[in-house]
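The values are calculated or read from the model by the stated rules, or taken from the named source; none is laboratory data. Just so it is clear, the model here is predicted, and its values are computed rather than measured. Backbone-built Cβ (ideal geometry, glycine too); neighbour counts: all protein chains shown.
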Amino acid sequence: MHMSTAHPITAKVFKSGNSTAIRLPRSLKLKAKAYIIEQHGGSFRLVDPAYETKRLKALKALRGSAPDFPDHTT
């Protein structure tokens, strides 16, 4: 799911038992049952695992398609 940063969404943070939870607005229409959460400094990024798998597969398919582009994986 792609979301523009032009319209930030405020999510509510609350305690649920011994955990901290975030209540996301229904308007986000999340499709996955579980998400990967990546922490970057003081920020978090939610990643749909199915979308991430498709994204990585597409990137792998592009590998080698531009021979003049430097390969930084070696």
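Before moving on, here are some points about what is shown:
- Residue in region 56-64 that is in a loop (DSSP other than H, G, I, E, B) and modelled with pLDDT under 85 present: yes
- Being modelled with pLDDT of 90 or more, surrounded by fewer than 10 Cβ atoms within 10 Å (Cβ to Cβ) and outside any loop (DSSP other than H, G, I, E, B) is true of Lys15.
- Among the residues making up region 28-47, those that are surrounded by 10 or more Cβ atoms within 10 Å (Cβ to Cβ) and either in a strand (DSSP E or B) or at pLDDT 90 or above (or both) are Tyr35, Ile36, Ile37, Glu38, Phe44, Arg45, Leu46, Val47.
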